[in-house]
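Trainee: Got a structure for you, questions after.
The values are calculated or read from the model by the stated rules, or taken from the named source; none is laboratory data. No experiment lies behind these values; they were computed from the predicted model shown. Here the Cβ positions follow ideal geometry from the backbone for every residue, glycine too, while neighbour counts run over all protein chains shown. Side chains included, ligands, DNA and RNA excluded: accessible areas come from the protein's heavy atoms. Shrake-Rupley method; radii C 1.70, N 1.55, O 1.52, S 1.80 Å.
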Amino acid sequence: MAGLQTVRWCMVLAGIVLLCSIGGDACAGGTDGGDRPRIGLALSGGGARGAAHVGVIHVLEEMNIPIDCIAGTSMGAIIGGLYAAGLGVEDLTTALRDIDWKDAFQDSTARQDVTYHRKQEDRGFLIKSKAGIKAGEIRFPKGLVQGQKLNLILKDLTMQVAGIDDFDRLRIPFRAVATDLGTGEPIAIGTGNLATALRASMSIPGALEPVEIDGRVLVDGGVSNNLPIDVVRAMGADVVIAVSIGTPLSPADELQSVFAVTGQLTTIMTMQNTQRQIATLTDRDILIQPDLGDITTGDFTRALEAVPVGEAGALKQKTALAGLSQGDEAFQQWRAGLASPENRGPWTIDFIAIENDSGLSEAVLRAKLRVRPGDPFDPEALKRDIGRIYGLDVFQRVDYKIVRRGAQNGILITAKAKAWGPDYLQFGLSLEADASGNATFNIGAGLTRTAMNALGGEWRTEVQVGETPRIDTKFYQPLNAEGRYFLEPRFRYMAYNLPLYEGKQQQSEYRVKDGEFSLAAGRQFGHWGELRLGISAGWGDTKVRIGEPDGYPTGSYTKSGLFARLSGDTLDNVYFPHMGQRSSVDYYASIADLGADSSYQTISAKGILPFTWGDHTVIGGLIAESTLSGDPEVSDLFSRGGFLNLSGLARRQITGRHSGLGEMVYYYRLDDASAILTLPMYLGGSLELGGAWDKGSDITFASMIPAASLFVGLDTFMGPMYLAGGMAEAGNYGLYLYLGTTY
């Protein structure tokens, strides 16, 4: 019996501890000196629909209704937490308008701020999504989006309370509701960093990376408690104003895909726990349910539309709300009694500390910082610096917080390595087919080992099989923390078909095999470009595959020489750029004294420059390639032909010691560029002029081939996909299905 009594007391004590964790006395009420009831506000989740909460709060303020405590879930947590932290209705409305929601739900650093070395990985056909390899196992991230940018946005919005770790000390006591992924139980977060708590409350399972707080792995609170009426009541509220903005169920006949069914199941789960909470409301409580119509959880571009809908929903309950209204004097007395978070105003950074659990040295991370001790604190400048660190593509999350060491104020940057790294596996494919029956198909894989030493050495290997088998392995080694100087030993081998045409008819086809060892040394210039110099030695073989030998030499060959490359890349998108530029100049000298069969020199210059206004983009492109002296090996000849490379001609239909191409490509974006979840689609066309010649004297304007194309392009996760038609002079035409990089 005594044992049973002990168990009972333990259960009672556990209940008291749980209640205290939620904050039993948080909803103080009566700060105006009267005996009015303590009023709590419960705000539900609902994605973009949650902007309606701003409208509800506006009506409550207009009606002089004091709020003594707030609990929110997901978007309700964000609106409620920011309001509790001191942002007014106008501030919240401005934030909803100014946040680039599409960018907020993307992790990638702006391409212009990524290192030049990292940009070159975009040029291949491997998809950007990477599976991790750790301890011999293939691993994946826990969410499609890690929430890097979203976290920094929340940091900015909660900056005025960055030093507060007890949410009862906010302007209005607050709780953010999340779900413990290990137990499925709701967790009311009342301590810690407010931005982190808000981020945890909206971590949609599978979409956003879970957040770990105090050893718990937390996801979206909507999974367990989408309308936290019980949390507000446990905080001490006598009267609860509950605002439910959840998504209604879709009719069964509209559920035509696995995604729609999955979404419906999630809505059912959320709706059920919401209804359980609504069932606890008493006659004193008030339920507000704005009619948000067709605004969906993902319609963040329509978030501002939800604000007046929230106001209308609250005004429908005006009669019930009137019973909670206070006189002007009492309301102002309540407002004056609210907590006043510290307003630090402008301050100077005394120190910057870094916590880094990757294999990179702290010096590498510091080299990315433009902010220095002695500078005034500038959140935007710090965000750009953090973006550059994140752009190293080694970290799962890069965060910061303001810290104090005695009388000094500083910043602590925490860089957490990817849990599924440090080695990564990628897959990809490329496909090209035309109406003449010519088709190429290649599939490949790439393995990248990152942070192999303190300076960030990387070993990357790509293997491709198909029409063009290829292996390319290289080790990139920065020589200093800034990454300005580097060495790169490399081995590559590839084989490809080289056709020989007479007019429109193919006469024969050669199989070219070419391998090469090289060693390059270079210097990077900021994030925009690099210069590299090197030495190479290679070998190859050319055989007739179809038809009779005619036009190209056959047999084996060796080549050795020196090369140089100056290149720059500031494009915002490698596939469908809208701004920036890319250019390169390549020089190669095959030198007989180094072991080559013959001496010759080639040079190649390429460049593209996009111009964009609205949804319209025009790209000017230019290629000039020439053999300066000697007779190059077959592998060093220049070819034209294929989509956007004299469209209408077959791939490599014309080949020579010299080639050139000028083109103008136009495309118009068909989908909504501001939408969060969208597959960018473009309608475009091109005008092209160029050719390939064996002799420099043959290069005349009259010998150039005009060509044009029309296409529909998609920017997919596997790379660009085109359905196109092309036409060149002399009746050459082609229809293309193309998957792979063009520029």
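Trainee: Do we find that Arg284 is touching a residue at least 24 places away in the same chain (Cβ under 8 Å), among the charged types (D, E, K, R), surrounded by 14 or more Cβ atoms within 10 Å (Cβ to Cβ) and more than 14 Å from Ile245 (Cα to Cα) in this structure?
Mentor: no
Trainee: In addition: Of all residues in region 236-258 being surrounded by fewer than 23 Cβ atoms within 10 Å (Cβ to Cβ) and of a type in the set (S, T, N, Q), which is modelled with the lowest pLDDT?
Mentor: Selected residue: Gln256.
Trainee: Residues that are over 23 Å from Arg372 (Cβ atoms), among the aliphatic types (A, V, I, L, M) and open to solvent by 30 Å² or more (accessible area, probe 1.4 Å): which strands (runs of 3 or more DSSP E) entirely in region 392-441 hold 1 or more of them?
Mentor: Once the strands (runs of 3 or more DSSP E) in region 392-441 are filtered for at least 1 residues that are over 23 Å from Arg372 (Cβ atoms), among the aliphatic types (A, V, I, L, M) and open to solvent by 30 Å² or more (accessible area, probe 1.4 Å), what remains is 423-434.
Trainee: Can you confirm whether region 700-713 contains a residue that is in contact with a Pro (Cβ under 9 Å, 6 or more places away or on another chain), assigned to a strand (DSSP E or B) and of a type in the set (Val, Ile, Thr)?
Mentor: no
Trainee: So, one more: Can you tell me which residue in region 584-601 is surrounded by the most Cβ atoms within 10 Å (Cβ to Cβ), limited to those that are under 14 Å from Gly538 (Cβ atoms) and hydroxyl-bearing (Ser, Thr, Tyr)?
Mentor: The extreme case among them is Ser590.
Trainee: Here is a further query. How do the helices (runs of 4 or more DSSP H) wholly within region 309-386 filter down when requiring 1 or more residues that are of a type outside the set (Val, Ile, Thr) and over 24 Å from Ile288 (Cβ atoms): which remain?
Mentor: Correct list: 328-336, 362-366.
Trainee: Where in region 120-181 are the strands (runs of 3 or more DSSP E), entirely inside, with at least 2 residues that are among the aliphatic types (A, V, I, L, M) and surrounded by fewer than 21 Cβ atoms within 10 Å (Cβ to Cβ)?
Mentor: In region 120-181, the matching strands (runs of 3 or more DSSP E) lie at 131-134, 143-145.
Trainee: Being exposed (fewer than 14 other Cβ atoms within 10 Å of the Cβ) and either touching a Lys or Arg at 6+ places or on another chain (Cβ under 7 Å) or modelled with pLDDT of 90 or more (or both) is the filter here; which residues of region 665-680 pass it?
Mentor: Tyr668, Ser674
Trainee: Given Leu382, Leu365, Leu369, which one is at pLDDT 90 or above, over 17 Å from His527 (Cβ atoms), under 23 Å from the mean Cα position of the chain (by Cα) and open to solvent by less than 20 Å² (accessible area, probe 1.4 Å)?
Mentor: Just one listed residue meets the conditions, Leu382.
Trainee: Taking only pairs six or more apart or across chains, which ones have beta-carbon atoms under 8 Å, a first residue in region 483-502 that is farther than 21 Å from Thr473 by Cβ and at pLDDT 95 or above, and a second residue that is β-branched (Val, Ile, Thr) and part of a strand (DSSP E or B)?
Mentor: As it stands, the answer is none, since no pair meets every condition given.
The rows are residues; the columns are (1) part of a strand (DSSP E or B); (2) β-branched (Val, Ile, Thr); (3) closer than 29 Å to Glu502 by Cα; (4) at pLDDT 90 or above.
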{"site": "Glu530", "(1), (2), (3), (4)": "yes, no, no, yes"}
{"site": "Gly534", "(1), (2), (3), (4)": "yes, no, no, yes"}
{"site": "Gly538", "(1), (2), (3), (4)": "yes, no, no, yes"}
{"site": "Thr542", "(1), (2), (3), (4)": "yes, yes, yes, yes"}
{"site": "Asp550", "(1), (2), (3), (4)": "no, no, yes, no"}
{"site": "Ser556", "(1), (2), (3), (4)": "yes, no, yes, yes"}
{"site": "Lys559", "(1), (2), (3), (4)": "yes, no, no, yes"}
{"site": "Leu566", "(1), (2), (3), (4)": "yes, no, no, yes"}
{"site": "Asp572", "(1), (2), (3), (4)": "no, no, no, yes"}
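Trainee: Moving on. Only residues that are in contact (Cβ under 8 Å) with a residue 60 or more places away in the chain, open to solvent by less than 10 Å² (accessible area, probe 1.4 Å) and either over 16 Å from Arg276 (Cα atoms) or charged (D, E, K, R) (or both): list them for region 216-235, please.
Mentor: Met235
Trainee: Between a residue in region 595-621 that is assigned to a strand (DSSP E or B) and basic (Lys, Arg) and any residue that is at pLDDT 95 or above and open to solvent by less than 60 Å² (accessible area, probe 1.4 Å), which pairs come within a Cβ distance under 6 Å, given they are 6 or more apart or on different chains?
Mentor: Filtered contacts from region 595-621: Lys606/Ser584; Lys606/Ile623.
Trainee: Taking the conditions exactly as written (open to solvent by 70 Å² or more (accessible area, probe 1.4 Å) and at pLDDT below 95), does Ala702 satisfy them or not?
Mentor: yes
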